[in-house]
Amino acid sequence: MLDSKQLRTDTENVMRNLARRGFVLDLAAFRTLDDRRKQVQIGADRVRAERNANAKAVGMAKGKGENTTALLKRGEELTVQLADAEAALNAVQGESDAWLMGLPNLLHDSVPDGRDETDNLEIRRHGTPRSFDFTPQEHADLGTRLGLDFETAGRISGARFVVLRDGMARLHRALAQFMLDLHVSEHGYQEIYAPYIVSGDALTGTGQLPKFEQDLFALKGDRTLYLIPTAEVPVTNLVRDQITTPERLPLRYVAHTPCFRSEAGAAGKDTRGMIRQHQFDKVELVHIVKPSESYAALEQLTAHAEEVLKRLKLPYRVLALCAGDIGFGSAKTYDLEVWLPGQGRYREISSCSNCEAFQARRMQARWRNPETGKPEPLHTLNGSGVAVGRAMVAVLENYQNGDGSVTVPEVLRPYMGGLEKLLPTDKA
């Protein structure tokens, strides 16, 4: 959520910044709401001041032994008026907050201009794609005889699900465990086990609601709850409605969870294989930091995600997302794209974002700034460290052999009992 004070005092710059995204700020709507809020606020303040003055007059009259009947009656009237005024103020403030919730985050100055993903800026590449002496297969074809079972999953749950068997299930588990160990033992993250079901308030705090409700899986019951689309939601909300002391910062969390997405906006995209599933696993990284440290934290978080790909010896590249492709709540985002030889192109495997104070304002997540002595919004960052299913896809395609087997990356072998190869089988 944007700072309403900044909207009032720096409107033109806010408009120009949002226009970089292709977002047109409805300035008339903002001014109408703000003028209404001011008038209602003035009215409420006037009634409150009169009630306070009346209460003081009652005390003085009693002290002098004077009749207070009229003053007490007026006090009762003012109490009713104040309740009405505060209800009206809450209503217009609710309208204002709902309007603000629909505004995307402001972009950092370093975000490149552009309209869509074709304008994203490549920052660097790591590793050289492998040369094959055979035509490499896509994971969906290669994995069928290794334990990827889309047919059975379709009978159980429908499209965009998969059953993993034998070596595939073990590889999937090994990847997640390897990532957790790396981020906890070497990068110093605190591991979190978080709920997979969250409230609407939690999703509003991190920006998925109200804008992206169609992408969520809502649960039936006495109250509205949702399956998490990413561990970013419960983990970032660990600091909601709190004032964190500066001594505790920075906070760095890692969590391995399943993620559930309806993919409402992805009809017809990546219908084969595991690239775009309704249920998938991620190892998520979250940083909660002082505002002055958030861009250094973004570089650090991105480097931690990159280290996963380096240890797996997977070629990848880093992109700075342009203004037209960046996420709703992000001020700056780097995407990591891993090379998939079966597809002959790079595909996203991690997205690392600095949301600055956007989520913190929505969650009322603050820290007490020792320079001002006042509570101020924290900065929040998140990134995949990395997507487990897509990492498995990348391993299958990059480590495949001509006989249909897949070599297990060296770094994963301790998690797989020393197994060096996954062998195809007609029983898969």
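The values are calculated or read from the model by the stated rules, or taken from the named source; none is laboratory data. Every value quoted in this text rests on a predicted model; they were computed, and no experiment measured them. Please note: Cβ atoms are built from the backbone with ideal geometry, for glycine as well, and neighbour counts cover all protein chains shown. For the accessible areas, the whole protein counts, side chains as well, though only heavy atoms, and no ligand, DNA or RNA atoms are used. Shrake-Rupley method; radii C 1.70, N 1.55, O 1.52, S 1.80 Å.
Taking a point 7 Å from the Cα of Ala91 along the Cα-to-Cβ direction, the residues of the stretch 1-38 with backbone N closer than 13 Å to it are 37. Once a ≥ b ≥ c are taken as the square roots of the eigenvalues of the Cα gyration tensor of the stretch 277-374, is the result rounded (a/c under 1.5), prolate (a/b larger than b/c) or oblate (a/b not larger than b/c)? Prolate, because a/c is 1.5 or more and a/b exceeds b/c. For the chain, the longest principal axis of the Cα atoms and the long axis of helix 294-311 meet at an angle of about 20 degrees. Using the Cβ-Cβ distance between Gln39 and Asp403 with R0 set to 60 Å, the FRET efficiency from 1/(1 + (r/R0)^6) comes to roughly 0.20.
For the pair Lys421 and Arg368, the difference between a 0.36 nm per residue extended length and the Cα-Cα distance amounts to 13.8 nm. Shape of the stretch 205-346 from its Cα gyration tensor (a ≥ b ≥ c, root eigenvalues): rounded if a/c is under 1.5, otherwise prolate when a/b > b/c, or oblate? Oblate shape, in that a/c is at least 1.5 and b/c is the bigger or equal ratio. The charge dipole of the stretch 169-321, taken about the Cα centre with unit charges on the Cβ atoms of Lys, Arg (+1) and Asp, Glu (-1), comes to about 500 debye, rounded to the nearest 20.
Per residue, the solvent-accessible area of the chain (1.4 Å probe, heavy atoms of protein chains only, all protein chains present) comes to 48 Å².
Prolate is the label for the stretch 15-152, because the ratio a/c of its alpha-carbon gyration tensor axes (a ≥ b ≥ c) is 1.5 or higher and a/b is greater than b/c. Once the Cα-Cα distance is subtracted from the 0.36 nm per residue extended length, the Glu117 to Ala70 segment shows a gain of 9.9 nm. Zone of Phe23 (label point 7 Å along Cα→Cβ, backbone N under 20 Å): which residues in the stretch 278-314? Residues passing the 20 Å test: 295. Here the simple spin-label model places points 7 Å from the Cα toward Cβ, and for Ser110 and Thr271 these points are separated by 4.1 nm.
When the Cα convex hull of the stretch 40-118 is projected onto planes of every orientation, the mean area is 8.4 nm². Please return the longest range in the chain lying between exposed loop sites, taking GluC sites (Glu not before Pro), DSSP loop only, at most 13 other beta-carbon atoms within 10 Å, and leaving the sites out. The longest such stretch corresponds to 67-370.
Comparing Gly167, Gly114, Gly94 in a Gaussian network model of the chain, where Cα atoms under 10 Å apart are tied by springs, the biggest mean-square fluctuation is seen for Gly94.
The long axis of helix 69-101 is offset from the longest Cα principal axis of the chain by roughly 20 degrees. Cα centroids of the stretch 53-98 and the stretch 285-340: 54 Å apart. Compared with the direct C-alpha span, the chain from Ala83 to Gln343 gains 87.2 nm at full extension, assuming 0.36 nm per residue.
If every alpha-carbon in the chain counts as one equal scatterer, what log10 I(q)/I(0) does Debye give at q = 0.07, 0.09, 0.11, 0.12 1/Å? Log-scaled intensity ratios, in q order: -0.44, -0.66, -0.90, -1.03.
What FRET efficiency would be calculated for the residue pair Ala303, Thr144, taking the C-beta separation as r and a Förster radius of 30 Å, to the nearest 0.05? The value I calculate is 0.25. Taking a cut-off of 23 Å between Cα atoms, list the lysines near Lys290, but don't count ones fewer than 8 places away on the same chain. Reachable lysines: Lys5, Lys332, Lys374. Counted over the chain, the DSSP beta bridges are approximately 90% antiparallel. Extending 7 Å from Cα along the Cβ direction at Glu191 and again at Asn52 yields two label points whose distance is 5.4 nm.
Axis angle, to the nearest 10 degrees, between helix 388-398 and the longest C-alpha principal axis of the chain: 30 degrees. Taking 7 Å steps out from each Cα toward its Cβ at Glu376 and Lys310 produces label points 3.3 nm apart. Per-residue ellipticity at 222 nm from helix content only, as computed over the chain with -39500 (n - 2.57) for each DSSP H run of at least four residues, stands at -12000 deg cm²/dmol.
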